[in-house]
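Engineer: Encoded as structure tokens, here's the structure I'll be asking about.
The values are calculated or read from the model by the stated rules, or taken from the named source; none is laboratory data. Being a predicted model, the structure only gives us computed values, none of them experimental. All accessible areas refer to the heavy atoms of the entire protein, side chains included, with ligands and DNA or RNA removed. Shrake-Rupley method; radii C 1.70, N 1.55, O 1.52, S 1.80 Å.
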Amino acid sequence: MSVNLDAIWRRGVKRGLIAGGLETAHVLARLGLMRRARGRGAIFTLHHVRPFKPRIIEPNAHLEVTPEFLDLAIRRLREDGYDFVPLIEVPDRLRAPKDRPFACFTLDDGYRNNAEHALPVFERHGVPFTIFINEGFADRTHSIWWETLAAILNAEQSLRFDFGAGEEIVPLAMETQKLDAFDRFALFIQSGDEAEAVTALDALARRHGVEPLKITQKLTMGRDELVRLIRHPLASFGAHTVSHRALKRLSDDEARREMLRSADWLEALTGERPVTLAYPYGTDSAVSQRDRTLAAELGFQVAVTTRPGTICERFSDHLTGLPRISLNGYYQEPRYVAALASGIPFALHAA
């Protein structure tokens, strides 16, 4: 029991510290302090946009916001003087004389709720957006391991799995045990051969009656849906690889193939070659300088990471490694969006 209480404490303290930092940044921004931190603009990251649905555990809650929050976030940014521009316009905005700050909205993975729940919000405000499409998800050839894992953990009281030292029992009777197990599986997937680890997880899911590719089909848009959506004047698509593996851990040839095939696939589907790219995961542990160079060589004009930060002039020479700001499901307050867009949290972290 002490371990579980300790886990609860750690998670609660971490979120409390982040919320406290956002509150401080909000106050500083309202007072007009540290204006230089804002830079020229911000690129926001979203994944799921859908009404809240309670589950036993929600290990992916940070990847989910409600349509109501998205609406309020856009309203707050507009009140703060932001122009909403398509992602592909960022290079021109950086080259132009300083003007009003800009905001871009991007959504990763091609979830169906992006069309069902996010699109009406973007339409209401006339806000353009870019969705990064993963070929393996759209064609139902690859599973979404974090969604598969959440489904298994929510359904089971224990599991047997081999993390590399022989099969063992993974207890799941308590919520904290489920969350700890999610973290352990995630580390297992991210520490070795990602494709092999995901294959092992998929096999575990099937032994427990969970079909990973059915989850992919349920959650993401297929070809016909994508073709319909790309006709919308506010929508644009970007590449997001084939298998959603961390490019940094792949060979040069594999990384190049993931990016190139993704662009080829989208061009064949829509008739327009994508010039924007989102790296899977997008963290420093998943994206290298080699990947940023490859993206430029393959013709991508803009490529985005998930490294947090705002956009300033220095990124004019680093357009295939732009930072983004995650709209996190744990912090769905409009004032936090304004605080993040101000750049103050990132300046305080670097100080």
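Engineer: Heavy-atom accessible area per residue, the range 251-351, 1.4 Å probe: how many Å²?
Structural biologist: 43
Engineer: Next up: Probe 1.4 Å, all protein chains in place: accessible area of His208 in Å², nearest 10?
Structural biologist: In the full protein context, His208 sits at about 60 Å².
Engineer: A follow-up question, please. If you take every DSSP beta bridge fully contained in the range 71-230, what fraction is antiparallel? Give it as a percent rounded to 5.
Structural biologist: Looking only at bridges with both residues in the range 71-230, the antiparallel portion is about 50 percent.
Engineer: Which value, in Å² and to the nearest 10, is the accessible area of Glu333 when all protein chains are kept and the probe is 1.4 Å?
Structural biologist: 70
Engineer: Determine the percent antiparallel among the DSSP beta bridges restricted to the chain, to the nearest 5.
Structural biologist: Restricted to the chain, the bridges split so that about 20 percent are antiparallel.
Engineer: Given a 1.4 angstrom probe, I'd like the percentage of the accessible area of the chain that is carbon and sulfur, rounded to a whole number.
Structural biologist: After summing per-atom areas, the C and S share lands at 53 percent.
Engineer: So how much accessible area does Leu179 have, in Å² to the nearest 10, using a 1.4 Å probe?
Structural biologist: Probe radius 1.4 Å; accessible area of Leu179 about 40 Å².
Engineer: For the range 104-222, report the accessible area per residue in Å² (1.4 Å probe, heavy atoms, rounded to an integer).
Structural biologist: On a per-residue basis, the range 104-222 sits at 40 Å².
Engineer: If amide hydrogens are placed 1.01 Å from N in the peptide plane, which non-local residues have theirs closer than 5 Å to the one on Val170?
Structural biologist: Leu159, Arg160, Phe161
Engineer: Using the Karplus curve 6.51 cos²θ - 1.76 cosθ + 1.60 with θ = phi - 60°, work out ³J(HN,Hα) for each residue of the range 65-80 in order, rounded to whole Hz, and write x for Gly and Pro.
Structural biologist: Going residue by residue, I get 10, 8, x, 5, 5, 4, 4, 5, 4, 5, 4, 5, 5, 5, 4, 7 Hz, with x marking Gly and Pro.
Engineer: Tell me the Kirkwood hydrodynamic radius of the chain in angstroms, computed as one over the mean inverse distance between distinct C-alpha pairs.
Structural biologist: For the chain, the Kirkwood estimate is 21.1 Å.
Engineer: Return the sequence-ordered ³J(HN,Hα) values of the range 299-310 in whole Hz as given by the Karplus equation 6.51 cos²θ - 1.76 cosθ + 1.60 applied to θ = phi - 60°, using x for Gly and Pro.
Structural biologist: x, 6, 7, 9, 9, 10, 9, 10, 4, x, x, 9
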